[in-house]
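S.K.: This is the structure I have questions about; it appears just below.
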Amino acid sequence: MDTEQQRVRERTLRMSWRTLLLACVLLTRRCHRVTGDSYARPDVAQHEDVRPNVLDADFDTNWDLSKGRYEDADWAPGLVPDDGANPTFRRTVGGSSAQCGEYSSQLTPGGRCRLTATLRPVPAGAARRRCPDMLRCTNDISHWLHENRNRKEQLEELRDTASELTEELRSHHRRVESLEAPGEDGLFLGPPFDRRLHPLESCRAETGPLRRAHETLLHELRAQLAHLSAAVARLLVSRNSGPCAVNVVRAPTLPLAARDTRPPDGPRLSFCPSDCASLYHRGVRRSGVYTIVPSAGNGVPVYCDMETGGGGWTVFQRRHGGSVSFNRGWSAYREGFGEPQGEHWLGNRQLHLLSNQGHHSLRIDLQDWSHAHRHALYHSFRIEGEEDRYRLHVSGFSGTVEDSFGWYHDQHSFSTPDTGNLCAELSHAGWWFHQCFHANLNGVHYEGGRYSLTAQNLLGPDGIVWFSWKESDFYSLKAVTMMMRPSGFRPHSSP
């Protein structure tokens, strides 16, 4: 009986060996098939260090046979570095080598797939579990070949970029060499910049003192010319001995400081001061009485305001204190009365000549009895001749007080009490009346400002009135000044 059992055991053992050998052959074929399929995939690139077409599987088996049967079981992957250059993939089956076993795979120096499997018996009483597929070397190789292909593509891109940068660097070097090379005239077109900068700095250092000396000399010449022009002007106005010649001359033939200032439409240039603005441009900066020649004829003494609003103003009416009566007739207003340094009216004839020498502006300064000051400015001002009864043309208002003159009195003729004009008779003054006035600066000067009809036995208001300021016809201003200058006048600092 024991002999029979021994035979059965030997027969079973031989069958197990045959079965195991057959399984190895099948596994070897499967490794070849899986390897071929993996390398046939389009996403896996060929690598110069890996030769999948000659990949073989060598098995080093160490199977510990004992009781029980081995079947596939769960497994836990792991990667363990090998001593060689190629990595070794080691997986432990079932989470514990005692339950099923472990295997490893690596690439040999010849490019072969080397698998090593170690199986251990299942302990008695343990549940049967399925062991993993040990032939996964080709999947790992496919993964690494895919990574190698990506790295190779990145390396090619880096090589292309490096080549482009190298070519660009060479181009920059050539440009720098061309800039540093001397040009046709022997001068260097580029660095070193000191070769070009040094001569420029030397030239600047040499011309600096000359430029400063030139500026100083020019300033002195300008000052001397201004003083000479002022002296000539004072000499001319002090003589006052008759007419002053007026000639039509070309602008370049006269020094700048000796030319009269005229608007573009004034073609006549005079050696004599035609108004206070021309005296200003000849160097006169102090306010006072000067003689001017508005046209060919005798000189006329006028008061020049060289301070208000930049100066250059020719004063033709002044009121302060009431020492001069403005209740006068037509001829008196035509020729003028009073003294230029005090209260006066320059005269309608001279006012007509002055205002028609070009475009002129009008300024009216007002002062009340509380010492408050206001002014009205009109951009355009002129009056016609006596044949048109000195008709007024005024426009372009601005200032610090509301307009009471231009909007109401523009385009009206001059009237005096002896001309039969009722407003002139009631107002006791000569003015550009219009039913009768909103402004009358030639009225009666009343001390203190306030007055009434009954107290003065009047038929109507006749004070120095600017209605929009005091909103009353019965408030007479303390002081008023009317003056004119060319519209294009531009003040400048004294030399």
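No value in this document is a laboratory result; all are computed from the given coordinates. In this text the structure is predicted, and so the values were computed from the model without any measurement. Note that we place each Cβ from the backbone using ideal geometry, even for glycine, and neighbour counts take in every protein chain shown.
S.K.: Rounded to the nearest 5, what % of DSSP beta bridges with both residues in the stretch 294-412 are antiparallel? Don't skip to the answer; put the middle values down first.
M.R.: Numbers: 20 of 20 bridges.
DSSP beta bridges in the stretch 294-412 are roughly 100 percent antiparallel.
S.K.: Then there's this: For the stretch 436-495 and the stretch 299-324, what is the separation of their C-alpha centers, rounded to whole Å?
M.R.: Taking the Cα centre of the stretch 299-324 as reference, the centre of the stretch 436-495 is 15 Å away.
S.K.: Okay, next question. Where Lys and Arg each count +1 and Asp and Glu each count -1, what net charge lies around GLN367 among other residues with Cβ under 13 Å from its Cβ? Could the numbers behind the result be given before it?
M.R.: Working: positive: ARG318, ARG319, ARG374, LYS470, LYS478; negative: ASP365, ASP368.
Here the charged neighbours net out to +3.
S.K.: How do the peptides 348-355, 319-326, 366-373 rank, highest first, by the average count of neighbouring beta carbon atoms within 10 Å per residue?
M.R.: Working: 348-355: 21.8, 319-326: 17.1, 366-373: 13.9.
My ranking of the peptides, most packed first, is 348-355, 319-326, 366-373.
S.K.: Rounded, prolate or oblate: which fits the stretch 401-452, taking a ≥ b ≥ c as square roots of the Cα gyration tensor eigenvalues, rounded meaning a/c under 1.5, else prolate when a/b beats b/c? Don't jump to the answer; show the numbers that get you there.
M.R.: Details: a/c = 2.40, a/b = 1.11, b/c = 2.16.
The shape class here is oblate.
S.K.: So, R0 is 51 Å and r is the distance between the beta-carbons of LEU179 and HIS143; what FRET efficiency does that work out to, to 0.05? Present the calculation step by step, with values, prior to reporting the outcome.
M.R.: On the way: r = 54 Å, r/R0 = 1.06.
It comes to 0.40.
S.K.: Would the stretch 351-446 count as rounded, prolate or oblate if I go by the C-alpha gyration tensor, calling it rounded below 1.5 in a/c and otherwise prolate when a/b exceeds b/c, oblate otherwise? Could the numbers behind the result be given before it?
M.R.: On the way: a/c = 1.95, a/b = 1.07, b/c = 1.81.
Since a/c reaches 1.5 but b/c is at least a/b, the shape of the stretch 351-446 is classed as oblate.
S.K.: Separation of the stretch 325-346 and the stretch 376-433 by C-alpha centroid, Å?
M.R.: That distance is 16 Å.
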